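The values are calculated or read from the model by the stated rules, or taken from the named source; none is laboratory data. If you're wondering where the values come from, they're calculated on a predicted model, not measured in any experiment. What goes into the accessible areas is simple: the full protein's heavy atoms, side chains included, and nothing from ligands, DNA or RNA. Shrake-Rupley method; radii C 1.70, N 1.55, O 1.52, S 1.80 Å.
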Amino acid sequence: MANLGTTFDASTVDPTSTYEVLPPGKYTVQIVNSEMRPTSNGLGQYLWLELDVLDGEHAGRKLFDRLNLVNANTQTVEIAQRTLSAICHATGKMQVTDSEQLHLIPLQADVTVQPPKNG
């Protein structure tokens, strides 16, 4: 439980409208947050990325990605490494030791949409 310190009156603030899925396409984005997180089974780790869309009609929208850099499945790791390599090339940072080195550098992202696994 969290005490808000005041009474919040929802009748005085317009609620957030739901966002439609960002349409597939190319977007200028920048990474604004990142961290290594454990996989759900606890046996691997992925690099979690939060990106902001910088321009166009979807400016201000968020994108998220997960790069499975530590995983028993070598193909999964290879896909993640290739994506990270593309990000490094796009930002001009060819050698990185911390994902924060990739933050706030505009790059082009080719966005695709995957349907949910549960339909």
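Only Cα pairs under 8 Å and 6+ residues apart enter the sum, and on that basis the relative contact order of the chain stands at 28 percent.
Is the chain best put as rounded, prolate or oblate by its Cα gyration tensor, with a ≥ b ≥ c the root eigenvalues, rounded for a/c under 1.5, and otherwise prolate when a/b is larger than b/c, oblate when not? Mind showing how you got there, number by number?
Working: a/c = 1.77, a/b = 1.47, b/c = 1.20.
Prolate is the answer for the chain, as a/c is 1.5 or above and a/b outweighs b/c.
First compute the accessible area of segment 31-107 with a 1.4 Å probe, then give the percent of it belonging to carbon and sulfur atoms. The value for segment 31-107 is 48 percent carbon and sulfur by accessible area. Quick one: angle between helix 74-91 and the longest Cα principal axis of the chain, in degrees between 0 and 90, rounded to 10, please. The angle comes out at about 70 degrees.
The stretch between THR16 and ILE79 holds 19.2 nm of extra length on full extension. This uses 0.36 nm per residue minus the Cα-Cα distance.
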